[in-house]
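Engineer: Take a look at the following structure, please.
The values are calculated or read from the model by the stated rules, or taken from the named source; none is laboratory data. Remember, it's a predicted structure, so these values are computed and weren't measured experimentally. Because the Cβ atoms are built from the backbone with ideal geometry, glycine has one as well, and the counts that use them run over all protein chains shown.
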Ligand SMILES: [Zn+2]
């Protein structure tokens, strides 16, 4: 067993962990297109890698990743799987309900996919009200925004762009098709920043990439990952 992965423990080992700790880490992602170069699992793979490393450094146990998320906007791209917002909300809440039974009071959700945010916020509100659990949501591209901006330009921080691709190159190099990297400037809605409306990715980007991807390297991925982990460890210690 590993001391920092709940799913590697037996129930006796879990009982011991839960008698001493009231916190766990829950990674969640998506199974959706990330352009022609990146694997569909990008979001849950990154969330899981962050969760495992943070767990190892802090001793707060990580759960297995929830791989599916809210990805309706990417459904023109083969292999993408989506689940409804209300299903994700209930699913996460059910997981938290089980954790509440074992005395868990705090859960750090590492969210790897922006489309999951609203249902996770509702789940967090309900967890507080219905279970007495505080669920905190960490997203690497917002929680570590300043550091990200030092390493990548705005056009390199979009969906499947250089920042995300670099993390993939560092963490899952064997699954990145380097000969298929692409830059694509996404089309803007004529009322961009004036109204909010649902749009499909296909209406804005032919390849599914938002911005510049060609500058991605595994070295930048490692620097970014190390920076994110540093931040994450501090956040966990404060929580
Ligand atoms: Zn992603």
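Engineer: Would you check which residues across the stretch 190-218 are part of a helix (DSSP H, G or I) and either surrounded by 13 or more Cβ atoms within 10 Å (Cβ to Cβ) or free of Cβ contacts under 8 Å to residues at least 12 places away in the same chain (or both) and list them?
Structural biologist: Result: 201, 202, 218.
Engineer: Now for a different question. Tell me whether the stretch 2-10 contains one or more residues that are in contact with a strand residue (DSSP E or B) (Cβ under 7 Å, 6 or more places away or on another chain), part of a helix (DSSP H, G or I) and more than 16 Å from the ligand (Cβ to nearest atom).
Structural biologist: yes
Engineer: Are there any pairs, at least 6 apart or on different chains, whose C-beta atoms fall under 8 Å, with the first in the stretch 96-113 and under 15 Å from residue 58 (Cβ atoms) and within 16 Å of the ligand (Cβ to nearest atom) and the second at pLDDT below 95 and part of a strand (DSSP E or B), and if so, which?
Structural biologist: Sorted first by the residue in the stretch 96-113, then by its partner, the list stays empty.
Engineer: Another question, if that's okay. Return yes or no: is residue 56 out of contact with any helix residue (DSSP H, G or I) (no Cβ under 7 Å at 6 or more places or on another chain), away from the ligand (no atom under 16 Å from the Cβ), assigned to a helix (DSSP H, G or I) and closer than 30 Å to residue 181 by Cβ?
Structural biologist: Criteria not met by residue 56.
Engineer: On to the next question. Residues of the stretch 150-167 being surrounded by 24 or more Cβ atoms within 10 Å (Cβ to Cβ) and either more than 11 Å from the ligand (Cβ to nearest atom) or closer than 18 Å to residue 201 by Cβ (or both), which ones?
Structural biologist: Hits for the stretch 150-167 are 159, 160, 161, 162, 163, 164, 165, 166.
Engineer: Filter the stretch 134-149 for residues that are buried (at least 22 other Cβ atoms within 10 Å of the Cβ) and away from the ligand (no atom under 14 Å from the Cβ) and give the result.
Structural biologist: 135, 138
Engineer: Within the stretch 27-49, identify whether any single residue is touching a helix residue (DSSP H, G or I) at 6+ places or on another chain (Cβ under 9 Å), under 28 Å from residue 233 (Cβ atoms), touching a residue at least 24 places away in the same chain (Cβ under 8 Å) and away from the ligand (no atom under 15 Å from the Cβ), and answer yes or no.
Structural biologist: No; the residues of the stretch 27-49 include none that is touching a helix residue (DSSP H, G or I) at 6+ places or on another chain (Cβ under 9 Å), under 28 Å from residue 233 (Cβ atoms), touching a residue at least 24 places away in the same chain (Cβ under 8 Å) and away from the ligand (no atom under 15 Å from the Cβ).
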